[in-house]
Amino acid sequence: MKGYIILTTCSFIIFSQNVFSQNSIDSVLSAIERNNLEIQASRKYLESQKLKYKVGLTPPNPVLEYDYLKGSPADAGNQTEFNITQPLDFPTAYFKRNQLSKLQVIQAEEQYNDKRQNILLQGKQLCIEIIYRNKLRQHLAERTNNADKIDKLLQTKLDKGEGNILDVNKSKLQLLTIRTELNENAGKINELQEKLLTKNGGLTISLDDTIYFPLSELPPFEQLEKEFENIDPIRKVLEQQKLISTKEIELS
């Protein structure tokens, strides 16, 4: 039995500008791949596993023994003895071990790929949310500016005896509300930037873009499911585990 859960979130946002942030997001993800501490640790662990799985693929080193015997009585002569011992297994055992080693290495690589993909996905989700917050900051700044102008205009009319105190109070309340939203959004941007900093291994990184990258049209579900099956590292890990179990039985 097999089951696949494909979660696809599509957000289509149209802007008048012709500049997109795909390159910026890609550069951020490249930096995360280089600097993320979890990815670095997983990469080192992968290398150690590769070395581990290559142990025992060849016959052990031969054993050299030396023995010197003095003759007794003296005229019997002395004796020198050399022994070389080479343990060997069945020839097919080395072939099976080599096959098993290759399968284990592939499995370790897919486990690393799964870890790497998850971290980069988290990084990309952070980038998308930061872009949204940056765009929202521009929108709120523009609204704040307009509300401030309206408030000053109404206050001037009130000072001249031409305005209404209720309109002035409403404009001040509206201005305060928008400024509060602007400050909350700024705090959220700082929080997201801190998370991005952590993903980048503590090294300074920022994303000031306000434009999303273009989204291509999604293929039919059947094609999408097939592509997902082909690239899903968890599925590949499970497949390798099945092959490894079979090969271990053959080796035994």
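The values are calculated or read from the model by the stated rules, or taken from the named source; none is laboratory data. Treat the numbers as computed from the prediction; the structure is a model and nothing was measured. Counting neighbours? That spans all protein chains shown, and the Cβs are built from the backbone with ideal geometry, glycine included. For accessibility, only protein heavy atoms count, side chains too; no ligands or nucleic acids. Shrake-Rupley method; radii C 1.70, N 1.55, O 1.52, S 1.80 Å.
Just name the residue that is least open to solvent (accessible area, probe 1.4 Å) out of those in region 159-178 that are in a helix (DSSP H, G or I) and among the basic types (Lys, Arg).
Lys172
Please go through region 222-233 and pick out each residue that is open to solvent by 40 Å² or more (accessible area, probe 1.4 Å) and either free of Cβ contacts under 8 Å to residues at least 40 places away in the same chain or touching a helix residue (DSSP H, G or I) at 6+ places or on another chain (Cβ under 6 Å) (or both).
Glu222, Gln223, Lys226, Glu227, Asn230, Ile231
Of all residues in region 194-239, which are in a loop (DSSP other than H, G, I, E, B) and more than 28 Å from Asn35 (Cβ to Cβ)?
Ser216, Glu217, Leu218, Pro219, Pro220, listed by residue number.
Inspect all residues belonging to region 175-188 and state whether any of them is among the hydroxyl-bearing types (Ser, Thr, Tyr), over 21 Å from the mean Cα position of the chain (by Cα) and within 29 Å of Ile25 (Cβ to Cβ).
Within region 175-188 (the criterion being among the hydroxyl-bearing types (Ser, Thr, Tyr), over 21 Å from the mean Cα position of the chain (by Cα) and within 29 Å of Ile25 (Cβ to Cβ)), the answer is no, since none of the residues qualifies.
Which residue out of Glu191, Glu110, Glu181, Glu142 is surrounded by fewer than 17 Cβ atoms within 10 Å (Cβ to Cβ), part of a helix (DSSP H, G or I) and in contact (Cβ under 8 Å) with a residue 24 or more places away in the chain?
Values: Glu191 fails: in contact (Cβ under 8 Å) with a residue 24 or more places away in the chain; Glu110 fails: surrounded by fewer than 17 Cβ atoms within 10 Å (Cβ to Cβ); Glu142 fails: in contact (Cβ under 8 Å) with a residue 24 or more places away in the chain.
The unique qualifying residue is Glu181.
Looking at Leu173, Leu166, Leu140, Leu158, can you tell me which residue is more than 30 Å from Ile211 (Cα to Cα) and either modelled with pLDDT of 95 or more or touching a Leu at 6+ places or on another chain (Cβ under 6 Å) (or both)?
Only one candidate qualifies: Leu173.
Restricted to region 236-250, and to residues that are in contact (Cβ under 8 Å) with a residue 60 or more places away in the chain and either open to solvent by 60 Å² or more (accessible area, probe 1.4 Å) or of a type in the set (Lys, Arg) (or both), which residue is farthest from Ile130 (Cα to Cα)?
Glu250
Tell me whether region 119-133 contains one or more residues that are of a type in the set (Lys, Arg), assigned to a helix (DSSP H, G or I) and open to solvent by less than 80 Å² (accessible area, probe 1.4 Å).
Initial filter on region 119-133 (of a type in the set (Lys, Arg)): 124, 133.
Pick out the ones that are also assigned to a helix (DSSP H, G or I) and you get 124, 133.
Okay, now just the ones that are also open to solvent by less than 80 Å² (accessible area, probe 1.4 Å), so 124, 133.
Yes, because at least one residue in region 119-133 is of a type in the set (Lys, Arg), assigned to a helix (DSSP H, G or I) and open to solvent by less than 80 Å² (accessible area, probe 1.4 Å).
Confirm whether Ile211 is farther than 30 Å from Tyr112 by Cβ, aliphatic (A, V, I, L, M) and at pLDDT below 90.
Here the answer is yes, as Ile211 does meet what is asked.
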